[in-house]
Amino acid sequence: MTINKVMVIGAGQMGAGIAQVFAVSGYDVLLHDANDEALDRGIKGIERRLARDVDKGRMTEDEKNASTLKIKKSTKLDDAGAADLVIEAVIENMDVKTSIFRELDKIAPEHAILASNTSSLPITEIAAVTNRPEKVIGMHFMNPVPVMKLVEVIRGLATADDVFETVKETAESLKKTAVEVNDFPGFVSNRILMPMINEAIYTLFEGVAEPEAIDEVMKLGMNHPMGPLTLADFIGLDTCLYIMETLHEGFGDDKYRPCPLLRKYVKAGWLGKKSGRGFYQYN
Ligand code: CAA
């Protein structure tokens, strides 16, 4: 199966990053968001990052302009009628995702693959609302998408082998490494990462150490590029809470219980870097 035209649903942090890496690799990209402002913000972010790549000598001005021209804006889901691959990157909410997949299933061409960038929700359940569960798959990019090499490719129960192969090859064409995993809560990435972040929040909650100290221990002691609380702020505390809830509910084991401090911060609107405040303050 040949992928030429890719539609990315959601122009937030992840969606814009995904659109960028596809455009840079020569794909025609439709970046969709129902909200015009979010769409413009996403495109501006892409242009800013590509300009930085030019400044740093990683691409020429011509390559930057060619990549930018590859991205077209879309505010109507109907545009999926022209896509070979659709990647949904909206909020981590099952109802929102399933309603988008139901619509996409009606609009997208029969051959089109419908992928979700979900960080923990069951692909099998998303696939079940469509009439093409064999063409539904998880394509989980890591943040920041242009920098991180991994794409976790998640097979739903019904995902066809040729669909998996196409998605794997497509991820590799973006100069990423695709790793195959099965559909289980949190997959591999967040099954391991998020309990570590949650434990760091418990460590703060129980007064074992200050945020800076917790992060310093993990950065200098374990060679992590960012401490877990900085990383949580960077991912978004609402997303971290949602993933912990998915693990807790999915496994039914209290070892995945979200830390009360995480709940409290989210209730306060302290969502991390994007809201200006999380475990740290941002200006
Ligand atoms: N977008 C694009 N490029 C970015 C970027 C962004 N948001 N942030 C940083 N970069 C690039 C910059 O271009 C920079 O290179 P140049 O200075 O040469 O331009 C390079 O990354 C290094 O950046 P910095 O020197 O500013 O900072 P750093 O060395 O600390 O690296 C980092 C930044 C790459 C983000 C690094 O700290 C890191 O790897 N952090 C951990 C990231 C991580 O764990 N991501 C996974 C999150 S979990 C997830 O995504 C899945 C989920 O489901 C929740």
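The values are calculated or read from the model by the stated rules, or taken from the named source; none is laboratory data. As the structure is a prediction and not an experimental result, all values here were calculated from the model. Neighbour counts run over all protein chains shown; Cβ positions are idealised from the backbone, glycine included.
Assorted remarks:
- Matching helices (runs of 4 or more DSSP H) fully within region 1-72 where at least 1 residues are within 13 Å of the ligand (Cβ to nearest atom) and in contact with a Phe, Trp or Tyr (Cβ under 7 Å, 6 or more places away or on another chain): 13-24
- Checklist (1) among the hydrophobic types (A, V, I, L, M, F, W, C); (2) surrounded by fewer than 24 Cβ atoms within 10 Å (Cβ to Cβ); (3) touching an Asp or Glu at 6+ places or on another chain (Cβ under 9 Å) applied to Ile154, failing item: (2)
- Any hit, region 171-187, residues being surrounded by fewer than 16 Cβ atoms within 10 Å (Cβ to Cβ), over 30 Å from Ala23 (Cβ atoms) and not hydrophobic (A, V, I, L, M, F, W, C): yes
Table: residues versus (1) polar (S, T, N, Q); (2) within 14 Å of the ligand (Cβ to nearest atom).
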position	(1), (2)
Glu180	no, no
Val188	no, yes
Ile192	no, yes
Glu212	no, no
Asn223	yes, yes
Gly227	no, yes
Glu245	no, yes
Gly250	no, no
Leu271	no, yes
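- A search for C-beta distances below 8 Å between a residue of region 145-165 that is modelled with pLDDT of 95 or more and any residue that is away from the ligand (no atom under 16 Å from the Cβ) and acidic (Asp, Glu), counting only pairs 6+ apart in sequence or on different chains, returns Val153/Glu180; Arg155/Glu180; Ala158/Glu134; Thr159/Glu134; Ala160/Glu134; Val163/Glu134; Phe164/Glu180.
- Some residue of region 86-96 being in contact with a His (Cβ under 6 Å, 6 or more places away or on another chain), among the small types (Gly, Ala, Ser) and surrounded by 15 or more Cβ atoms within 10 Å (Cβ to Cβ): no
- Number of residues in region 148-178 that are away from the ligand (no atom under 16 Å from the Cβ) and in a loop (DSSP other than H, G, I, E, B): the value is 5.
- The criterion of at least 2 residues that are in contact with a Gly (Cβ under 9 Å, 6 or more places away or on another chain) and buried (at least 19 other Cβ atoms within 10 Å of the Cβ) is met, among helices (runs of 4 or more DSSP H) falling completely within region 196-278, by 211-222, 228-235, 237-251.
- The residues of region 96-139 include none that are assigned to a strand (DSSP E or B) and without any contact (Cβ under 8 Å) to a residue 24 or more places away in the chain.
- Verdict on Ala82 being in contact with a strand residue (DSSP E or B) (Cβ under 9 Å, 6 or more places away or on another chain), among the small types (Gly, Ala, Ser), within 16 Å of the ligand (Cβ to nearest atom) and in the same structural domain as Leu104 (by the TED database): no
- Filter result for the condition that a residue is loosely packed, with under 14 Cβ neighbours inside 10 Å and farther than 24 Å from Pro144 by Cβ, over Lys56, Lys5, Lys106, Lys44: Lys106
- Val145 falls short on exactly one of the conditions (1) more than 12 Å from the ligand (Cβ to nearest atom); (2) assigned to a loop (DSSP other than H, G, I, E, B), and that condition is (1).
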